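Report on the structure given below.
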Amino acid sequence: MKRFIAGVGVVSCGAVVVALAAAAPASADPAPTLPSAFVTEVVDGDSVRVVDVTRGAITVRIAGADAPELNECYGPQSRDFARSALERQLVAVIVDPSLGGADASGELPAYIVRVDGWNHNVEATRAGAARASGEVSRSAEIRDAENGARQVGAGLWSANCGTPAPQPRPQAAPQPSGVYYENCDDARARGAAPVLRGQPGYRAGLDRDNDGVGCEPTR
């Protein structure tokens with residue numbers, strides 16, 4: 001028997017290794033799930049640092065889902081969701097057999113499952129804190145979770161993270177026509193009377209009764 005994490009409790013390393021080997025992804029997570037790691041830090045919504053019983057200190061990225069970056073809409077909230085769910089928790093790090101080991105960045109794509117069977121990959125997507133990404137053994141379940149979040153506008157699917165509505169283009173101010181009649185005699189002399197509202201040269205001073213017809217014919 002060896003102490004797994006100081007101050008956390010005594011865990012049998014042999015039992016945890018056996019549990020990890022037997023914990024292949026299934027349609028549902030068993031509850032309880034034997035832990036294989038302790039979450040030391042949540043980096044963002046889809047990456048956490050853990051101390052793993054067989055791998056040591058590693059960074060795990062959730063498989064089958066992708067959270068917004070911290071500088072993107074809902075990025076900070078996605079990280080907060082992961083913190084509230086995983087930070088300082090004992091978890092099982094379950095590698096999807098379709099993904100293999102760590103990627104080029106050194107992060108291990110895996111499912112992160114709490115001891116009560118709560119799968120962060122699925123539940124973060126269900127809460128709108130992540131979106132389905134790539135093809136893994138549980139992609140169908142993760143996509144279903146995303147569809148549910150979309151339907152209710154949760155998290156990153158809310159209107160706050162939507163495409164801004166197009167703004168109306170400002171209308172150009174009407175330009176002066178350059179036509180000016182000093183009075184109705186002037187308009188008549190130039191053959192422009194009557195001058196209708198909207199026509200070049202029309203102005204209120206030529207339309208005494210404000211009926212839209214300036215310099216009406218005299219009777």
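Observations on the model:
- So residue 78, is it part of a loop (DSSP other than H, G, I, E, B) and either open to solvent by 60 Å² or more (accessible area, probe 1.4 Å) or closer than 24 Å to residue 160 by Cα (or both): no
- Selected residue (criterion: surrounded by the fewest Cβ atoms within 10 Å (Cβ to Cβ)) from residues of segment 40-49 that are touching a residue at least 60 places away in the same chain (Cβ under 8 Å) and either in a strand (DSSP E or B) or in contact with an Asp or Glu (Cβ under 7 Å, 6 or more places away or on another chain) (or both): 47
- Residue 35 fulfils the conditions (1) part of a loop (DSSP other than H, G, I, E, B); (2) modelled with pLDDT of 95 or more; (3) farther than 20 Å from residue 134 by Cβ except for a single criterion, (2).
Here's the yes/no breakdown for (1) open to solvent by less than 50 Å² (accessible area, probe 1.4 Å); (2) among the β-branched types (Val, Ile, Thr); (3) modelled with pLDDT of 95 or more:
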| position | (1), (2), (3) |
| --- | --- |
| 83 | no, no, yes |
| 101 | yes, no, no |
| 125 | yes, yes, yes |
| 128 | yes, no, yes |
| 134 | no, no, no |
| 137 | no, no, no |
| 142 | yes, yes, yes |
| 166 | no, no, no |
| 171 | no, no, no |
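- The number of residues in segment 137-164 that are closer than 16 Å to residue 67 by Cα, hydrophobic (A, V, I, L, M, F, W, C) and over 14 Å from the mean Cα position of the chain (by Cα) comes to 2.
The values are calculated or read from the model by the stated rules, or taken from the named source; none is laboratory data. Because the structure is a prediction, the values reported are computed rather than measured. Backbone-built Cβ (ideal geometry, glycine too); neighbour counts: all protein chains shown. Accessible surface areas use protein heavy atoms only, side chains included; no ligands, DNA or RNA. Shrake-Rupley method; radii C 1.70, N 1.55, O 1.52, S 1.80 Å.
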